[in-house]
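Note sheet for the following structure.
The values are calculated or read from the model by the stated rules, or taken from the named source; none is laboratory data. Being a predicted model, the structure only gives us computed values, none of them experimental. No Cβ is skipped: glycine too gets one built from the backbone with ideal geometry, and neighbour counts run over all protein chains shown.
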Amino acid sequence: MEELEELASKLEALGHPVRLKLVATLRLDGPQYLSELAKKAGVSRALAKVHLVRLQRAGIVKSRVVLSQKEAKALRYYELVDFSILVSPDEIVRLMR
């Protein structure tokens with residue numbers, strides 16, 4: 001049942017157009033800072049962060065804090081976790097057993 005819940009969590013996390021844009025951006029452009037991702041997704045930093053936190057809880061992205069000497073502040077750096085999702089009626093039945 002744990003695998004079924006993990007699948008549901010990932011599908012729910014991916015079920016928003018902004019989150020899909022963020023995942024696509026990370027896949028195409030590699031790891032990036034929050035402000036870069038927000039700009040590329042066409043949303044505010046606050047909204048991008050909300051969506052990235054949701055993706056992080058589902059295990060789709062991970063983040064770390066990087067200290068910027070140039071700007072003298074800490075910046076959050078996001079990267080995509082390699083994942084694959086198989087969804088079919090047979091797979092759902094298998095996960096329920």
Matching residues, region 57-82, being more than 13 Å from LEU26 (Cα to Cα) and either in a loop (DSSP other than H, G, I, E, B) or of a type outside the set (D, E, K, R) (or both)
ALA58, GLY59, VAL65, VAL66, LEU67, SER68, GLN69, LYS70, GLU71, ALA72, ALA74, LEU75
I'd like to know if region 37-44 contains one or more residues that are closer than 30 Å to MET96 by Cα and either surrounded by fewer than 12 Cβ atoms within 10 Å (Cβ to Cβ) or at pLDDT below 95 (or both).
no
Working only within region 61-81, note down all residues that are touching a strand residue (DSSP E or B) at 6+ places or on another chain (Cβ under 9 Å) and either acidic (Asp, Glu) or touching a residue at least 60 places away in the same chain (Cβ under 8 Å) (or both).
GLU79
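Go through ARG54, ARG27, ARG19 for me and flag whichever is exposed (fewer than 12 other Cβ atoms within 10 Å of the Cβ), within 13 Å of the chain's Cα centre (by Cα), part of a helix (DSSP H, G or I) and touching a residue at least 24 places away in the same chain (Cβ under 8 Å). Walk me through it before giving the result.
Values: ARG54 fails: exposed (fewer than 12 other Cβ atoms within 10 Å of the Cβ); ARG19 fails: exposed (fewer than 12 other Cβ atoms within 10 Å of the Cβ).
Testing whether each residue is exposed (fewer than 12 other Cβ atoms within 10 Å of the Cβ), within 13 Å of the chain's Cα centre (by Cα), part of a helix (DSSP H, G or I) and touching a residue at least 24 places away in the same chain (Cβ under 8 Å) leaves just ARG27.
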Give the residue that is surrounded by the most Cβ atoms within 10 Å (Cβ to Cβ), with candidates limited to residues of region 66-97 that are of a type in the set (A, V, I, L, M, F, W, C) and within 27 Å of ARG45 (Cα to Cα).
LEU80
What are the residues in region 4-16 that are of a type outside the set (Lys, Arg) and either part of a helix (DSSP H, G or I) or surrounded by 15 or more Cβ atoms within 10 Å (Cβ to Cβ) (or both), if any?
LEU4, GLU5, GLU6, LEU7, ALA8, SER9, LEU11, GLU12, ALA13, LEU14
List every residue pair whose Cβ atoms lie under 9 Å apart, where the two residues are 6 or more positions apart in sequence or sit on different chains, the first residue falls within region 4-15 and is over 18 Å from LYS62 (Cβ atoms), and the second residue, located anywhere, is surrounded by fewer than 16 Cβ atoms within 10 Å (Cβ to Cβ) and of a type in the set (A, V, I, L, M).
LEU4/ILE92; LEU4/MET96; LEU7/ILE85; LEU7/LEU86; LEU7/VAL87; LEU7/ILE92; LEU11/ILE85; LEU11/VAL87
